[in-house]
Amino acid sequence: MFVDRDGTLIEESGYLSDLSRVTFYPFSVDAVRQLNLGGFAVVVITNQSGVARGIVPESFVAVAHRHIAERMAAGGAHIDAFYYCPHHPDGTIAALRKTCDCRKPLPGLLTRAAADLELDLSRSFMVGDRMQDLEAGRAAGTKTVLVRTGYGAAEERAQRTGVGPEATADNLAGAAARVLQTRG
Ligand SMILES: [Mg+2]
Ligand SMILES: [Zn+2]
């Protein structure tokens, strides 16, 4: 299962550049542990345009992900990998200022992760709080689940007609339960 980071796995708090602002939802560790037990790879897929914008040091992204991994491990949970996009077309850091193929809603991070970890995208899910998460999942060929945490409740209200997510859940725990059901 592919999981968005901010607003899905941890609380949305703008450009995250300080560990003191990493706030776990109370259900996140257990949700990941349940997915582990169910045999799902859990892969974090996150846009970090703050790196291109010079707001978030790229080294901090690794620090934050190590912190998340340690918190998960302390609760018996495991994230298989973290993939992030540091780019943005309006970035201030020249090397990262570009239109890339990995910034959600484009599917580049998912397809790269699937190749690296040998995951079957058609049997995978992308879970996130924004339409761009679901669009990335759909473009990669996964099923999609919208969570109502982060921007999710507002996204649900704003949802225009057309193709919505396969499912909507209150939070990551609900999304994990739905995903685990599919593999009864
Ligand atoms: Mg998010
Ligand atoms: Zn990118």
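Things worth noting here:
- Computed [θ] at 222 nm, helices only, for the chain once each DSSP H run of length n ≥ 4 contributes -39500 (n - 2.57): -11000 deg cm²/dmol
- Net charge of the neighbourhood of GLY76, taken over other residues with C-beta under 12 Å away and scored Lys/Arg +1, Asp/Glu -1, is +1.
- With Cα atoms as the point set, the chain shows a radius of gyration and Dmax of 15.3, 48 Å.
- Between GLY150, GLY50, GLY164, the residue with the greatest mean-square fluctuation in the GNM of the chain (Cα pairs under 10 Å linked by springs) is GLY164.
- Those residues of region 125-143 whose amide nitrogen sits under 16 Å from the label point placed on ARG157, 7 Å along Cα→Cβ: 130-131
- Nonlocal amide H pairs with HIS87, under 5 Å, H built at 1.01 Å: GLN48
- Cα coordinate range in region 104-177, projected on the principal axes (Å, largest first): 35, 24, 18
- For the chain, hydrophobic long helices are taken as DSSP H runs at least 18 Å long by C-alpha position along their axis with mean Kyte-Doolittle hydropathy of -0.5 or more; these are 58-74.
- Contact order normalised by residue count of the chain, Cα under 8 Å, 6+ apart, percent: 23 percent
Quick note: the coordinates plus some simple rules give every number you see, no bench work behind them. Quick caveat: nothing in here was measured; it's all calculated off a predicted structure. Cβ coordinates were reconstructed from backbone atoms using ideal geometry, including for glycine residues, and neighbour counts include every protein chain displayed.
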